[in-house]
Amino acid sequence: MEQQDDKNRSCCAPMSRRELLAAGAASATAVAVPSAATAQARPPAAPAAAGSIPTARVALKVNGKTHRLELDTRTTLLDTLREHLHLTGTKKGCDHGQCGACTVIVDGRRLNSCLTLAVMHDGASVTTIEGLGSTDRMHPMQAAFVKHDGYQCGYCTPGQICSAVAVLDEIRLGIPSHASADLTARPLLSADELRERMSGNICRCGAYSNIVDAITEVAGGKA
Ligand code: FES
Ligand code: FES
């Protein structure tokens, strides 16, 4: 009878905290410690070799000048422009594709340079704000931004201007936007079209209406 009680307690009675910890430690050790044979068969992990960062050669034509670079394959186009070519006109705002401050024109199309790797654009032609114009010889879009006060702090402005230049090309090519009522008709040069197409470029100073005025003037239309 006493033996039966012991048997019942060992299988059904709740374990004490000490017993539970001891049992847990034993089972964890059993899982974690490999057998001697397994340990012998597995080679020790090799330390990361110095200089093992993968690199690639990339040729970029930036603002008309060809640059040949050896880059870490993880380098974004934005960091290539700013850190390797020292073209700091292109701004890093969010670095996550959300603000448009890093917009540049690649082979005629605008893109967020923080969201793309430089190695994906080998041989491409890139235009940054420095390539559009200079203080002495401003691009018409730059001049219009100045005339219409299309900025306050100016941080978003290089991206806004690159985007605006490409937007007018998109409209000229008849590429519709989400705001286009008829996808087969030529897009209108309306304020709604411009606001929609420029919606990826955030301006924390809120210069939006002046930006639309500037773009409209360059397009030669009314918004
Ligand atoms: S920095 Fe590229 S979208 Fe903001
Ligand atoms: S001008 Fe300041 S964020 Fe646009």
Dipole in debye (nearest 20) - the stretch 133-223, about Cα centre, beta carbon charges: Lys, Arg +1; Asp, Glu -1: 100 debye
Amide hydrogen neighbours beyond the local backbone of LEU117, cut-off 5 Å, H modeled: LEU77
Difference of contour (0.36 nm per residue) and Cα-Cα distance, LEU188 to ARG109: 26.5 nm
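From the convex hull of the Cα coordinates of the stretch 100-223, what is the mean projected area in square nanometres?
Over every viewing direction, the Cα hull of the stretch 100-223 projects on average to 7.9 nm².
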Whole-Hz ³J(HN,Hα) from phi, Karplus 6.51 cos²θ - 1.76 cosθ + 1.60, for the stretch 115-126, glycine and proline x: 9, 9, 8, 4, 5, 6, 10, 4, x, 7, 10, 10
Label-point separation, ASP149 to GLN98 (7 Å along Cα→Cβ), nm: 3.0 nm
Within straight-line cross-link reach of LYS92, aspartates and glutamates at Cα separation under 13 Å, skipping those fewer than 8 residues along the same chain: ASP79, GLU83
Long-range HN-HN contacts of VAL62 with modeled amide H, under 5 Å: HIS67, VAL126
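Read the figures in this text as sums done on the coordinates, not as results from a lab. In this text, all values refer to a predicted model and were calculated from it rather than measured experimentally. Neighbour counts are summed over all protein chains in view; Cβ atoms, including those assigned to glycine, are modelled from backbone coordinates with ideal geometry.
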